[in-house]
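For reference, the structure discussed in these notes is given below.
Every number here is computed from the coordinates shown, using simple stated rules; none is lab data. Remember, it's a predicted structure, so these values are computed and weren't measured experimentally. Every residue, glycine as well, gets a Cβ built from its backbone with ideal geometry; the counts of neighbours run over all protein chains shown.
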Amino acid sequence: MNVFITGNSSGLGLGLTEALLEQDAIVWGMSRSGCPLKAHHDDALRDRKQDIANLNQLEEGLQTLLSDCLRLDLVVLNAGILGRIQDLSTTDVHDLEHLMRVNVWSNKLILDWLIEQQIPVRQVVAISSGAAVNMSYGWGGYALSKAALNNLMALYAHEMPDTHLTAFAPGLVDTAMQDYLCGQVDSEEFPSVQKLKDARGSEDMPDPRQAAERMLGLLDTLREDYESGAFVDVRGMGKG
């Protein structure tokens, strides 16, 4: 299995990389600080340090990393940033532009490059969030960017007919993002954060490796049961 993952230096991306390597997959990874598993999997993990926010250098990085890749069974567009939980009216537009650059436009450039290079891709999973539809108070920039990501996948589904695309919300995952949300954000001011604090340390918030294995186990279901371009929240799968 050939897999390309962005943001695989930590969190869900690292969990996915670790699980896939144990399944004897070949993984191409791209992240700002590099994947810590590289030293132990030099044969199966091709890794590149790349800040995907630097859009001008992204194509060159993709060319260098994926020059020997003839096909991809799975692309996981995982890299993303949260930004600060605050009023949208007090959020600087330049901070919003940076969020969009990382969470949306870098993914557009990656898909454009794969199309241009004519690399066959079976499945694309872009990591989204329930924030994309909840629009909870305080989540402004992140919610906007993930909503745009959902629509990006829906639009590219028309242009990549041989590829199945999903915007996938993996549910609560215990990553470094939760350190900020649970440790620094006032849940009285931003009530939506309280459920995260309540879930941390419970089975409702699995660690990245557990969340990765759950997601990998759902890949066939995403292709078979959901239309390409759909937004799928893991917490709603099997309901209705």
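Annotation: aspartates and glutamates with alpha-carbon distance below 20 angstrom to K195 (same-chain offsets under eight excluded): D87, D174, D179, D186, E203, D204, D207, D233.
Tell me whether the chain comes out rounded, prolate or oblate; compute the Cα gyration tensor, take square roots of the eigenvalues as a ≥ b ≥ c, and use a/c under 1.5 as the rounded threshold. Because its axes are fairly even, with a/c under 1.5, the chain counts as rounded. Put a plus charge on the Cβ of each Lys and Arg, a minus charge on the Cβ of each Asp and Glu, and nothing anywhere else: the dipole of the chain about its Cα centre is then about 80 debye. Under 5 Å from the amide H of D233 lie the amide H atoms of A169, each residue being 5 or more positions distant or on a separate chain, with H modelled from the backbone and absent for Pro and chain starts.
Straight Cα distances below 28 angstrom link K108 to the lysines K38, K49, K146, with same-chain residues fewer than 8 positions distant left out. Suppose R0 equals 25 Å. What FRET efficiency, 1/(1 + (r/R0)^6) with r the Cβ-Cβ distance, do N151 and E188 give to the nearest 0.05? It comes out at approximately 0.15. Legend: ranking of residues V125, V104, V93 from fewest to most surrounding C-beta atoms inside 10 Å; resulting order V93, V104, V125. Among M135, M215, M30, the largest mean-square fluctuation in a Gaussian network model of the chain, built with springs joining Cα atoms closer than 10 Å, belongs to M135.
When you restrict to C-alpha pairs under 8 Å that are six or more residues apart and normalise by the size of the chain, the relative contact order lands at 21 percent.
The dipole here belongs to region 170-240: it is taken about the Cα centre, uses +1 on the Cβ of Lys and Arg and -1 on the Cβ of Asp and Glu, and is about 100 debye. Here r is the Cβ-Cβ distance between R71 and D207 and R0 is 45 Å; the resulting FRET efficiency, rounded to 0.05, is 0.90. The charge dipole of region 45-181, taken about its Cα centre with unit charges on the Cβ atoms of Lys, Arg (+1), Asp and Glu (-1) only, comes to about 220 debye. Between K49 and E116, the modelled labels are 2.6 nm apart [label points 7 Å from Cα along Cα→Cβ].
Taken along the Cα-to-beta-carbon direction at a fixed 7 Å, the label points for Q63 and V133 span 4.0 nm. Each part reduced to its alpha carbon centroid, region 85-140 and region 143-199 end up 10 Å apart. Taking label positions 7 Å along the Cα-Cβ direction at both A176 and D42, the computed distance is 2.6 nm, reported to one decimal.
The simple Förster model, with R0 at 51 Å and r as the Cβ-Cβ distance, assigns S89 and D162 a FRET efficiency of 0.70.
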